[in-house]
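Comments concern the structure below.
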Amino acid sequence: MLDADLIAQLTQVFAPLNADLTLVVAPSEDDRQAELLDLLAGLAAASTRVRVVTEGHPSPVPRFTLLKNGSPTGVAFRGVPGGHEFTSLVLAILNADGKGRLPDAGVQARIRALRGPVRLRTFVSLECTNCPEVVQALNLMALLHDDFQQEMWDGALAQEEVERLKIQGVPAVFAGDQLLHVGKADLAGLLETLEEQIGSVQAASTQAVHTFDQVVVGGGPAGAAAAIYSARKGLKVAVVAGRIGGQVRDTLGIENLISVPYTEGPRLANDMRTHLEGAGVTVLDNRAVETLEDGEVKRLRLKGGEVVEAGQVIMATGAKWRELGVPGEKEHIGRGVAFCPHCDGPFYKGKLVAVVGGGNSGVEAAIDLAGICTEVTLFEYGEALKADAVLQKKLRSLPNARIVTMARTAEVVGDGSRVTALRYEDRTTKAVQSLDLDGVFVQIGLSPNSALVKDLVEINKAGEIIVDTRGRTSRPGIYAAGDVTTLPFKQIIIAMGDGAKVALAAFEDRLRAA
């Protein structure tokens with residue numbers, strides 16, 4: 001299955017391995033067993049440290065576990081991890097040997113403090129672009145925790161289980177039959193979920209206190225630019241973020257970053273991290289800030305007990321996908337309500353779906369879904385769609401797509417396990433109507449991540465932090481940059497420039513106060 005070029009690349013990737021890694025394949029009579037063995041043989045051909053054995057209890061589908069120096073690691077795969085999940089397998093091998101980008105000591109301590117035993121199954125689709133991040137994060141936790149097992153399940157090979165658990169979205173993480181999480185997530189978010197769901201035995205008093213001249217909250221374009229510019233002024237700077245890159249990591253193609261004709265979100269995010277580390281910025285990622293205490297010295301208390309102190313804080317927390325906020329929505333997220341048509345669209349093949357939102361993202365989603373669904377109905381709150389004309393023309397040309405304008409979504413109807421209809425109000429006649437369907441894809445824009453400071457600084461009705469022309473908020477020493485602010489035009493290049501500007505303003509204020 002693996003060609004010579006890929007095996008050659010893997011040979012270089014696996015060259016630093018020191019431990020003996022064994023892929024233990026369960027015997028199986030499934031037709032895809034040969035495909036799995038071929039895939040794993042290609043991996044083993046790339047390193048003398050990796051070997052494949054077939055032993056143990058038979059499995060109805062292809063399945064294998066990962067051992068390090070003969071001992072279980074807690075990582076298993078049920079299915080043939082091709083497609084996007086091939087990377088998850090490669091990273092599991094590297095991470096098991098302590099190679100690759102591992103979380104820092106603070107995050108590792110939180111992972112090891114999770115109350116065991118932890119036994120998880122993560123259902124995925126091999127076409128899902130969001131699934132690998134969840135699988136990789138949980139695999140990493142299993143490798144770091146003594147009593148943590150994580151198994152990837154290819155949903156296509158487990159249809160009976162998918163139907164029994166009523167799974168309608170991936171990635172879906174289960175502990176037994178209990179759904180812990182569904183949809184896109186990073187290590188920080190998953191760790192928070194597990195701490196809340198299963199508990200932690202770590203005392204907050206054991207956590208470190210970090211002191212800096214300045215701390216930037218948020219690791220997107222604005223936050224990275226602000227931190228780099230401040231560090232270049234000789235300041236001791238930290239970035240506290242769930243993940244470096246923020247929403248950029250979710251952007252596949254970027255063609256409007258001047259002087260860079262084309263790049264992709266994950267690549268740009270990785271480049272940002274490299275630049276941050278090269279500039280001497282302390283990166284505290286996989287973190288969430290619980291509170292920000294104002295004063296001459298600002299104190300940020302992080303989830304897990306860590307404390308970060310600094311004289312200046314720059315808020316660059318960006319924005320997140322906006323939810324409808326109607327009855328039935330939260331109850332059906334992952335069970336008929338979705339936000340990623342590319343990942344969850346395959347679950348609605350041959351079904352009836354709605355897309356809420358008439359901007360570019362909504363129209364693009366409707367076009368994509370029309371290719372696999374029986375019918376797609378796009379709902380727009382206003383009188384006309386806001387998407388680019390070329391996208392509108394394409395959507396209107398599709399025979400199985402229709403558009404409803406002047407529609408206010410009123411309720412997502414379902415039974416808790418699946419969506420059955422969408423109720424909406426005709427804003428012209430005020431009549432409430434209902435459309436029978438199987439799924440709702442929400443595409444209504446972004447909401448500023450300003451909750452941390454909503455009681456400290458002035459914000460507008462949209463939730464944006466109000467700033468002056470230099471990024472100062474209503475509180476001295478607290479600044480804000482990028483999409484979380486009143487800055488118009490939410491674009492990567494604009495956020496970068498804004499972050500740099502605010503950093504320079506903060507440094508100027510520091511000089512004047514000296």
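Does the stretch 38-52 contain any residue that is farther than 30 Å from E306 by Cβ, among the aliphatic types (A, V, I, L, M) and in a strand (DSSP E or B)?
Start the filter on the stretch 38-52 by keeping residues that are farther than 30 Å from E306 by Cβ, which leaves 38-52.
If we keep only those that are among the aliphatic types (A, V, I, L, M) too, we end up with 39-41, 43-46, 50, 52.
Checking which are in a strand (DSSP E or B) leaves us with 50, 52.
Yes, the stretch 38-52 has at least one match.
Take the residues in the stretch 283-308 that are open to solvent by less than 30 Å² (accessible area, probe 1.4 Å) and acidic (D, E); name whichever of them is farthest from G471 (Cα to Cα).
Among those residues, the one meeting the criterion is E306.
Under 8 Å between Cβ atoms, at least 6 apart or on separate chains: pull out the pairs that start in the stretch 7-32 with a residue that is assigned to a helix (DSSP H, G or I) and end on any residue that is of a type in the set (S, T, Y) and open to solvent by less than 50 Å² (accessible area, probe 1.4 Å).
Qualifying pairs under 8 Å: L10/S47; T11/S47; F14/S47.
Rundown of residues vs (1) in contact (Cβ under 8 Å) with a residue 60 or more places away in the chain; (2) surrounded by fewer than 21 Cβ atoms within 10 Å (Cβ to Cβ), yes/no style:
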{"position": "A41", "(1), (2)": "no, yes"}
{"position": "A46", "(1), (2)": "no, no"}
{"position": "T65", "(1), (2)": "no, yes"}
{"position": "V75", "(1), (2)": "yes, no"}
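How many of the residues in the stretch 38-94 are among the acidic types (D, E) and in contact with a strand residue (DSSP E or B) (Cβ under 8 Å, 6 or more places away or on another chain)? So that I can check it myself, show each step before the final result.
Step one: of the stretch 38-94, the residues among the acidic types (D, E) are 38, 55, 85.
If we keep only those that are in contact with a strand residue (DSSP E or B) (Cβ under 8 Å, 6 or more places away or on another chain) as well, we get 55, 85.
Total satisfying the criteria: 2.
Among residues belonging to the stretch 297-316 that are modelled with pLDDT of 95 or more and assigned to a loop (DSSP other than H, G, I, E, B), point out the one that is nearest to V248 (Cα to Cα).
My answer is A316.
Output the number of residues of the stretch 93-105 satisfying the condition of being surrounded by 18 or more Cβ atoms within 10 Å (Cβ to Cβ) and of a type in the set (G, A, S).
1
Kindly indicate whether any position in the stretch 23-34 is of a type in the set (S, T, N, Q) and touching a helix residue (DSSP H, G or I) at 6+ places or on another chain (Cβ under 6 Å).
Within the stretch 23-34, not a single residue is of a type in the set (S, T, N, Q) and touching a helix residue (DSSP H, G or I) at 6+ places or on another chain (Cβ under 6 Å).
Residues being part of a loop (DSSP other than H, G, I, E, B) and under 19 Å from the mean Cα position of the chain (by Cα): count how many of those fall in the stretch 125-166.
So the count comes out to 6.
Among residues belonging to the stretch 426-450 that are free of Cβ contacts under 8 Å to residues at least 12 places away in the same chain and not in a strand (DSSP E or B), point out the one that is least open to solvent (accessible area, probe 1.4 Å).
A431
Could you say whether any residue in the stretch 378-392 is among the aromatic types (F, W, Y) and touching a Lys or Arg at 6+ places or on another chain (Cβ under 8 Å)?
Yes - at least one qualifying residue is present in the stretch 378-392.
Being over 16 Å from Y229 (Cα atoms) and of a type outside the set (A, V, I, L, M, F, W, C) narrows it down to one residue among R470, R512; which is it? Even if it seems obvious, please write down each step before you answer.
On the way: R470 fails: over 16 Å from Y229 (Cα atoms).
Within the list R470, R512, the selection yields R512.
Out of everything in the stretch 468-514 that is open to solvent by 30 Å² or more (accessible area, probe 1.4 Å), charged (D, E, K, R) and under 21 Å from L257 (Cα atoms), what residue ends up being nearest to the chain's Cα centre (by Cα)? First the steps, then the outcome.
Taking the stretch 468-514 first, the residues open to solvent by 30 Å² or more (accessible area, probe 1.4 Å) are 468-470, 472, 474-476, 483, 486-494, 496-497, 501, 504, 507-514.
Now narrow it down to the ones that are charged (D, E, K, R): 468, 470, 472, 475, 483, 490, 501, 508-510, 512.
Imposing the further condition that a residue be under 21 Å from L257 (Cα atoms) reduces the set to 483, 490, 501.
Values: D483: 18, K490: 19, K501: 28 Å.
Step by step, filter the stretch 468-514, then rank; the result is D483.
The values are calculated or read from the model by the stated rules, or taken from the named source; none is laboratory data. Since we're looking at a predicted model, the values are computed, not measured. No Cβ is skipped: glycine too gets one built from the backbone with ideal geometry, and neighbour counts run over all protein chains shown. For accessibility, only protein heavy atoms count, side chains too; no ligands or nucleic acids. Shrake-Rupley method; radii C 1.70, N 1.55, O 1.52, S 1.80 Å.
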